[in-house]
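Please read the structure below before turning to the comments.
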Amino acid sequence: MSALILIAVLGAALGFAFGFPKWRLKRVLRQPIDPHWQALLARNIPIYSRMSGDLQHQLDKLVQQFLFQKKFVGCDGLEVDDQMRLTIAGQACLLLLNRHTRVYPALHTILVYPSAFMVPRKQVDEAGVVTEARQDLLGESWGDGRVVLSWDHVQRGAHDWTDGQNVVLHEFAHQLDSESGSNNGAPYLGSETSYRSWSEVLSRDFANLRVDAMYRQQSVMDHYGATSPAEFFAVATETFFEKPWQMAERHGELYSELFKYYRVDPRAWQPQPEPEVQYGQGYGHWQ
Ligand SMILES: [Zn+2]
């Protein structure tokens with residue numbers, strides 16, 4: 001009898017442990033988004049006010065879940081406030097609209113520095129000699145559930161929605177990439193057909209960007225995307241959301257692959273630019 005009671009108590013404890021967070025999340029999502037949060041989204045992410053009511057509502061719910069589940073940590077004395085949380089969560093969740101997916105399930109912490117942050121890097125020269133160097137970064141994405149961001153650059157990315165530079169979109173594209181099991185430029189796509197066409201189109205455009213970078217030719221995408229297939233996907237994501245008209249014109253098939261994956265058309269949120277667009281060289285998330 002006592003064994004039965006023990007099993008019942010353990011069962012109840014397990015049910016509570018697993019069920020309670022879900023119950024709390026459901027309760028959070030039943031509430032409308034705080035109007036103060038919504039105002040911060042509208043103020044800090046210019047495209048928010050140009051999105052349809054349905055997409056705004058989806059983004060609100062994703063942001064509520066993101067803020068409920070993820071922890072923000074200020075670094076180098078930075079105090080993370082609502083404006084920072086909403087600006088980061090709002091941009092990160094743009095990548096999840098219409099996708100019926102979980103909200104970055106492997107991610108638990110976002111570390112925010114006031115500006116570019118220094119990290120040690122090991123460099124190996126041609127002779128195999130290893131040296132330690134320090135490098136300034138704007139953002140980093142880790143497979144162990146952390147994203148690191150420079151607040152200065154988060155703000156710049158959020159306010160200028162036409163330059164193709166957005167550190168939040170970049171680092172959260174890496175998070176999506178890593179959900180497939182490896183950071184190789186191919187996020188989880190579902191069917192074999194989808195992987196085949198993704199691979200064909202992205203491999204070809206990656207090779208073309210490498211040539212552009214080698215000969216320093218102008219390109220819609222930042223040349224930082226030529227460093228690896230993973231960086232190509234992250235930079236293509238920035239370009240898709242920030243320079244959609246230029247990407248659709250110059251890289252139609254790539255735009256179409258990203259459209260199938262992200263299930264939104266960012267051209268709806270931006271006026272079409274004049275034909276004589278000057279493509280800036282810019283820089284990636286490294287400084
Ligand atoms: Zn990157």
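The values are calculated or read from the model by the stated rules, or taken from the named source; none is laboratory data. All figures in this text were calculated on a predicted structure; none of them were measured in a lab. With ideal geometry, Cβ positions are generated from the backbone for all residues, glycine too; neighbour counts draw on all protein chains shown. Each accessible area value is taken on the protein alone, full model and side chains, heavy atoms only, with ligands, DNA and RNA left out. Shrake-Rupley method; radii C 1.70, N 1.55, O 1.52, S 1.80 Å.
Seen against the Cα atoms of the chain and their longest principal axis, helix 2-30 is set at about 50 degrees.
Taking a sphere under 14 Å around the Cβ of Leu62 and counting the other residues whose Cβ falls inside, with K and R at +1 and D and E at -1, yields a net charge of +4.
Here the range 36-170 is assigned +1 on the Cβ of each Lys and Arg and -1 on the Cβ of each Asp and Glu. Its dipole about the Cα centre then comes out at about 520 debye. Across the alpha-carbon atoms of the range 101-225, the computed radius of gyration and Dmax are 16.8, 46 angstrom. Kirkwood hydrodynamic radius of the range 99-154, from the reciprocal of the average inverse Cα-Cα distance over all distinct pairs: 13.4 Å. Spatial offset of the range 54-105 relative to the range 176-203 amounts to 24 Å, using the alpha carbon center of each.
Taken over the chain, the alpha-carbon convex hull comes to 187 cubic angstrom per residue.
Taking the charge dipole of the chain about its Cα centre, with +1 at Lys and Arg Cβ atoms and -1 at Asp and Glu Cβ atoms, the residue from Pro32, Trp142, Ser203 reaching farthest to the positive side is Pro32. Rolling a 1.4 Å probe across all protein chains gives Lys22 an accessible area of roughly 150 Å². Springs join every pair of Cα atoms under 10 Å in this Gaussian network model of the chain, and among Leu209, Leu254, Leu78 the largest mean-square fluctuation is at Leu78.
Its Cα centre serving as origin, the range 168-287 has a Cβ charge dipole (Lys and Arg +1, Asp and Glu -1) of approximately 120 debye. Can you find, among His251, Met221, Gln69, the residue sitting farthest towards the positive end of the charge dipole of the chain, where Lys and Arg contribute +1 and Asp and Glu -1 at Cβ? Value: Gln69. How high is the FRET efficiency from Thr162 to His57, r the C-beta distance, R0 35 Å, rounded to 0.05? Taking R0 as 35 Å, the efficiency between Thr162 and His57 is 0.85. Overall, the accessible surface of the chain at a probe of 1.4 angstrom is composed of carbon and sulfur to the extent of 54 percent. Rolling a 1.4 Å probe across the protein heavy atoms gives the range 93-160 an accessible surface of 51 Å² per residue.
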